[in-house]
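Participant: The structure is given below, and queries will be raised subsequently.
The values are calculated or read from the model by the stated rules, or taken from the named source; none is laboratory data. Remember, it's a predicted structure, so these values are computed and weren't measured experimentally. A quick note on method: Cβ atoms are made from the backbone with ideal geometry, for glycine too, and the neighbour counts reach across all protein chains shown. Ligands, DNA and RNA are stripped out before the accessible areas are found, and what is left, the full protein with its side chains, is counted by its heavy atoms. Shrake-Rupley method; radii C 1.70, N 1.55, O 1.52, S 1.80 Å.
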Amino acid sequence: MPLDTIEKAQFKDYLSKQPSYNELLDKNGNIHNHWKEFFEAYKDLGNEEFTNRNQYLQKLLRENGVTYNVYGDPSGQSRIWHLDPIPFLISQNEWQRVESGLKQRAHLLDLIFKDIYGENKLIKNGLLPAELIYNHAGYLRECAGIPFKNKHGLILYSADVARSPDGNIWVLNDRTQAPSGSGYSQENRTAMSQIFPEFFNKVKIKRLSSYFTTLRNTLNSIAPPSTKHPRVVLLTPGPRNETYFEHSYLSSHLGISLVQGQDLMVKDNFVWIRTIEGLEKVDVIIRRVDDIYCDPLELKEDSQLGIPGLLQVIRAGNVSLANPLGCSILENPGLLPFLQNISHYFTGEDLILPTLASWWCGQPRELKYVLDNLSSLVIRRIYRDTATSSSIDASSLSSAGLKELKEQIKMKPYLYIGQEKILFSSVPSYVNGTIEPRNVMFRSFLVSNNGTYEAMPGGLTRISSDVRSFIISNQAGGLSKDTWIISDPDKPEEPVKEILTENRHQHIDALPSRTAENLFWVGRYADRILANARYIRAVIQYINSKGGISTDQDKYTEAILLKGLTHYTCTYPGFTSEQTLLAPWNELFDLFLNEERIGGLKYNVSMILRSADAVRDYWSADTWRILKSLEESWENQETLMNRHKLISSMDNIITSMIAFIGLNRESISREYGWLLLDSGRKIEQCLLLITMLRSLLVQDHGASSQYDLMETFLSSNESLVNYRYTYKTHIQLPVVLDLMLFNPHNPHSLIYLLENLKVHLNELPQRDSAHDVHVHKKLVIEAITLLKNADPKELTKSDTVTKEYNCLDQLLSRLYSIIAAIPFEISSTYFKHAQSQKQLFASDIA
């Protein structure tokens, strides 16, 4: 298929900037066969529509919250994931060779891993230098001699693969410690299939689902033998980790719990997860925490990410890890020069996929070669150092830089290897409406499967951010592509039949304590934001309604509303000073815009986003889209110095929070997570309702002001229409109190909220003796009883001198104290992260 049959204008930049081997075109300038169907579909779609679809694609990723966290990024920690709409295509024939080579390499590294921590035949027989292993930071002496109970020690394997200008395919890096990217691969595929369904109808592409089905089954199979229904968890360093999105995505996709180190503990030589029901045994951990951080008791003592005592449980065979601790030794680039001989030693085979020519400087002849040819090589340390780059392109150094590098190598030659420098092949990439070449690197993923390895029929393709750049890195701003393995059109793929193991849904209700706590606070912040926005809007509307011709009585009412706003939001000193009362707008804008203002709207929004992000595996795509739109709505708000636009922004916030709350109410199953989420909402609603009542209505301010205050109160609590429909009378205090305190049919009344809170708390697990009632349950019963025993007539009797409704104020004060104690008791019962941990070994010493 000659290139001139496609819109040539789109390819002029691609051809003129072509730097190296061309993945799209052959040497005669014709499109490779496996690309033809894609570009036929591209031509049918048209460039204009393709551009529009690309915009939808990036919008979808942004709304889904797909991010890659970049350390030290001045634009912010979370960088939106960028996906090139033109995929990377690999032909069926070429994939068969790559797949075979990757399986062979995974098997070889598994044998090396077992030998390094086992019999050490490779070192004893001279196939590996001892200095190369024992000087590597990834070698953990604490793991030596730990038996491997499964067919493979190496459960997960990933490799970075690239093509050089001569067309050869090379393995650049091995990733064995905590390989990342498979979740991003699946997200890329999902997004592409939604936005470009025409391509998937035209091109025969291998599905990715078989890999994840195998992964799920393998994780269950590696559990300790005595376990009938294994519990699998994914251990993450937390929301600040660069690939945290993927951790959440995979835990949700695989149906396993996402946990941090603080969620787990060692007791009685087992690993346990802290849940709101108590401790639950953990059988398999798929870890995304670097091995050195996994056990502060035996490894890195200052680690806050691991589980003290984990290694002892591993030695006892009571928990399995994917991947095992110590396997980062296999990421040692110093192994590369020795792999061919090791392959012959173990299997008698040549490597199907070769590694780049490499020279370990711990050998005199190799050291001399590297020093003599330094300016043409890439120099790599045998382990990645966070303080300095692990790879140096020596050709880019000055004479002084080369001299300094030589001295460093001579001081500790065993820490360095020299590696041949190659240019990567290029693929077409869609850049600003045109197609340009970008250097490409492909990351594959393999999982152990019944004595062999299964490769994902796809992977994570990354491209350079600029045509002149040969650095391909997410941290450096690289982009991603969906990877399409072209299947045989004459052999249609069979639908993947997922094997549902018996335990698949058995632990779904076991809610980790940290997750429960974050869900509880998401509920509290959701209603806090909604209520605060409604009250601020009502106050602004009242001020605006006077049109600059306020009477003294109006100013008096305005002062009460503003002071009440400060009490309501706890943003002291706020409107407690006369100066801010006379000129309220700066304070109102600060409440809205200042993220550092505790209690302000932007502060509360940042807090709900933080809590929601910590449990992002809990949210549906639509829910997360609402949260992301709420976050984005604050961009450029600093220019919003207009009171009418401020009301519009309040409207948008209220709409977003109503959508968030409503979607969760409709979509989340009524399990413990939802109960705590909604309990947090109910508690916050109760406290805010009482606070507003005490701020506005516990004193008679005169007929005119009292009416305005009651109307504002009802409007802020979304009950004005309900009042008029139910009572069909003008607004008066006894009726307002009846609606907002005692009416069991009003969803905003205190009695309604408390009764629903009581039901939620009764459905939570009983942690102590079944005959003992938890304190938080007693408290809500006490509040309900106190409210039901109150005499409505007494509540509206005012003091003849102070004009205060003392009985009402006392009742509200007592109710507030009781309800405010409930969150503390819930936390003590269900969110308590510190539990007794027994010592690992018994002692006979008296």
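Participant: Just to be sure I understand the filter: pairs with C-beta atoms under 8 Å, separated by 6 or more residues or on different chains, first member in the stretch 365-380 and free of Cβ contacts under 8 Å to residues at least 40 places away in the same chain, second member open to solvent by less than 30 Å² (accessible area, probe 1.4 Å). Which pairs pass?
Facilitator: These pairs meet every condition: 371/409; 375/394.
Participant: Restricting attention to the stretch 284-302, which residues are open to solvent by 10 Å² or more (accessible area, probe 1.4 Å) and under 27 Å from the mean Cα position of the chain (by Cα)?
Facilitator: Scanning the stretch 284-302 gives 288, 290, 292, 293, 296, 299, 300, 301, 302.
Participant: Within the stretch 406-419, is there a residue that is assigned to a strand (DSSP E or B), at pLDDT 90 or above and closer than 30 Å to residue 84 by Cβ?
Facilitator: Looking through the stretch 406-419, at least one residue is assigned to a strand (DSSP E or B), at pLDDT 90 or above and closer than 30 Å to residue 84 by Cβ.
Participant: Here is a follow-up. Inside the stretch 649-686, can you point out the residues that are crowded, with 22+ Cβ neighbours inside 10 Å and over 24 Å from the mean Cα position of the chain (by Cα)?
Facilitator: 679, 682, 683, 684, 685, 686
Participant: Working only within the stretch 328-356, note down all residues that are among the acidic types (Asp, Glu) and outside any helix (DSSP H, G or I).
Facilitator: Result: 349, 350.
Participant: For residue 181, are the conditions met, namely being touching a residue at least 40 places away in the same chain (Cβ under 8 Å), open to solvent by less than 20 Å² (accessible area, probe 1.4 Å) and out of contact with any Leu (no Cβ under 7 Å at 6 or more places or on another chain)?
Facilitator: So residue 181 does not fit the description; no.
Participant: To continue, here is another question. Of a type in the set (A, V, I, L, M, F, W, C), within 43 Å of the chain's Cα centre (by Cα), farther than 14 Å from residue 787 by Cβ and open to solvent by less than 60 Å² (accessible area, probe 1.4 Å), is that true of residue 696?
Facilitator: For residue 696, the condition - of a type in the set (A, V, I, L, M, F, W, C), within 43 Å of the chain's Cα centre (by Cα), farther than 14 Å from residue 787 by Cβ and open to solvent by less than 60 Å² (accessible area, probe 1.4 Å) - is met.
Participant: I'm told residue 325 meets every condition in (1) hydrophobic (A, V, I, L, M, F, W, C); (2) in contact with a Cys (Cβ under 7 Å, 6 or more places away or on another chain); (3) in a helix (DSSP H, G or I) except one. Can you identify the failing condition by its number?
Facilitator: Residue 325 satisfies all of (1) hydrophobic (A, V, I, L, M, F, W, C); (2) in contact with a Cys (Cβ under 7 Å, 6 or more places away or on another chain); (3) in a helix (DSSP H, G or I) except (3).
Participant: Which one of these does residue 678 not meet: (1) in contact with a Leu (Cβ under 8 Å, 6 or more places away or on another chain); (2) within 22 Å of residue 512 (Cβ to Cβ); (3) not polar (S, T, N, Q)?
Facilitator: Only one criterion is unmet by residue 678, namely (1).
Participant: Could you tell me which residue of the stretch 22-37 is surrounded by the fewest Cβ atoms within 10 Å (Cβ to Cβ), considering only residues that are touching a strand residue (DSSP E or B) at 6+ places or on another chain (Cβ under 7 Å) and in a helix (DSSP H, G or I)?
Facilitator: Step by step, filter the stretch 22-37, then rank; the result is 34.
Participant: Any chance you could count how many residues in the stretch 222-259 are in a helix (DSSP H, G or I), in contact with a strand residue (DSSP E or B) (Cβ under 9 Å, 6 or more places away or on another chain) and open to solvent by 10 Å² or more (accessible area, probe 1.4 Å)?
Facilitator: Qualifying residue count, the stretch 222-259: 2.
Participant: Could you list all residues from the stretch 534-580 that are in a loop (DSSP other than H, G, I, E, B) and surrounded by fewer than 19 Cβ atoms within 10 Å (Cβ to Cβ)?
Facilitator: Those that are in a loop (DSSP other than H, G, I, E, B) and surrounded by fewer than 19 Cβ atoms within 10 Å (Cβ to Cβ): 546, 547, 548, 549, 550, 551, 570, 572, 573, 577.
Participant: Let me ask something else. Which ones in the stretch 152-202 are farther than 21 Å from residue 357 by Cβ, outside any loop (DSSP other than H, G, I, E, B), in contact with a strand residue (DSSP E or B) (Cβ under 8 Å, 6 or more places away or on another chain) and polar (S, T, N, Q)?
Facilitator: Once the filter is applied, which keeps residues that are farther than 21 Å from residue 357 by Cβ, outside any loop (DSSP other than H, G, I, E, B), in contact with a strand residue (DSSP E or B) (Cβ under 8 Å, 6 or more places away or on another chain) and polar (S, T, N, Q), the stretch 152-202 yields 158, 182, 185, 188.
Quick grid of which residues meet (1) in contact with an Asp or Glu (Cβ under 8 Å, 6 or more places away or on another chain); (2) modelled with pLDDT under 95; (3) of a type in the set (Lys, Arg):
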residue: 442; (1), (2), (3): yes, yes, no
residue: 462; (1), (2), (3): no, yes, yes
residue: 480; (1), (2), (3): yes, yes, no
residue: 483; (1), (2), (3): no, no, no
residue: 495; (1), (2), (3): no, yes, no
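Participant: Also, I was wondering about something else. Would you check if residue 358 is hydroxyl-bearing (Ser, Thr, Tyr), closer than 21 Å to residue 412 by Cβ and open to solvent by 60 Å² or more (accessible area, probe 1.4 Å)?
Facilitator: It is false that residue 358 is hydroxyl-bearing (Ser, Thr, Tyr), closer than 21 Å to residue 412 by Cβ and open to solvent by 60 Å² or more (accessible area, probe 1.4 Å).
Participant: Which residue, of 643, 625, is under 23 Å from the mean Cα position of the chain (by Cα), farther than 25 Å from residue 759 by Cβ and either among the basic types (Lys, Arg) or at pLDDT 90 or above (or both)?
Facilitator: 625
Participant: To continue, here is another question. Answer yes or no: is there a residue in the stretch 312-319 that is surrounded by fewer than 21 Cβ atoms within 10 Å (Cβ to Cβ) and among the small types (Gly, Ala, Ser).
Facilitator: Checking the stretch 312-319: at least one residue is surrounded by fewer than 21 Cβ atoms within 10 Å (Cβ to Cβ) and among the small types (Gly, Ala, Ser).
Participant: Let me ask another. Answer yes or no: is there a residue in the stretch 766-774 that is farther than 24 Å from residue 798 by Cα, touching a strand residue (DSSP E or B) at 6+ places or on another chain (Cβ under 7 Å) and either in contact (Cβ under 8 Å) with a residue 24 or more places away in the chain or surrounded by fewer than 15 Cβ atoms within 10 Å (Cβ to Cβ) (or both).
Facilitator: yes
Participant: Follow-up. Output yes when any residue across the stretch 736-748 is outside any helix (DSSP H, G or I), touching a residue at least 60 places away in the same chain (Cβ under 8 Å) and open to solvent by 10 Å² or more (accessible area, probe 1.4 Å), and no when none is.
Facilitator: Checked against the condition, which is being outside any helix (DSSP H, G or I), touching a residue at least 60 places away in the same chain (Cβ under 8 Å) and open to solvent by 10 Å² or more (accessible area, probe 1.4 Å), the stretch 736-748 yields at least one hit.
Participant: For the condition among the β-branched types (Val, Ile, Thr) and either part of a loop (DSSP other than H, G, I, E, B) or surrounded by fewer than 19 Cβ atoms within 10 Å (Cβ to Cβ) (or both), what is the one hit in 726, 829?
Facilitator: 726
Participant: While we're here: Could you grab the pairs with beta carbons closer than 9 Å, sequence gap of 6+ or different chains, first residue in the stretch 410-437 and at positive phi, second one among the β-branched types (Val, Ile, Thr)?
Facilitator: Filtered contacts from the stretch 410-437: 433/51.
Participant: So is residue 740 closer than 20 Å to residue 654 by Cα and of a type in the set (A, V, I, L, M) or not?
Facilitator: No.
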